[in-house]
Amino acid sequence: MRILRVFSLITFGLFSISQIAAQNKKVVVNEPYNIAKLVETKKNNNSTISTKDGFRLQVFYGDGTQARQALASFRNQYPEIGATIIYSTPSYKVMAGNFKTRIEAERNLKAVKENFPKTLLIRPGK
């Protein structure tokens, strides 16, 4: 019985050492040049987009199903103003536009409030 216990301990020790040694390997990923170039282009495009510097309209605040309905309705009525859904725990917001000046945002707010009376003017990041 003692020999079996010693043999089990030695076997367990060898497997443990082999697992530790296996973690020191390096993984090399070869990606095509065009993928790397595409990722770099995407990074550059995204770095120029900023929502913190402008004003946005919060068209809706509530649950996900109603937010999707509000977004579809907004896009039907105002296709020239971009809109998206943002998840803010535990609710969803339908945010529209990215206006550089407050005057431009207020002009659009007045037009949007005719169909969406609970619309708010928001300045993200402030």
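The numbers here are math on the coordinates, done by the rules we state, and not lab data. Fair warning: this is a prediction, and the values are worked out from it, not measured in the lab. Here Cβ is always computed from backbone atoms with ideal geometry, including for glycine, and neighbour counts include all displayed protein chains.
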- Note on the structure: Highest mean packing first, using Cβ neighbours within 10 angstrom, the peptides 26-32, 62-68, 93-99 sort as 93-99, 62-68, 26-32
- Message: Tell me the relative contact order for region 54-122 as a rounded percent, counting alpha carbon contacts under 8 Å between residues six or more apart.
- Response: 45
- The orientation-averaged projected area of the Cα convex hull of region 54-122, in nm², is 4.1
- Going residue by residue through region 2-11, the Karplus relation 6.51 cos²θ - 1.76 cosθ + 1.60 with θ = phi - 60° gives ³J(HN,Hα) values, rounded to whole Hz and with x marking Gly or Pro, of 5, 5, 5, 5, 5, 4, 5, 5, 5, 4
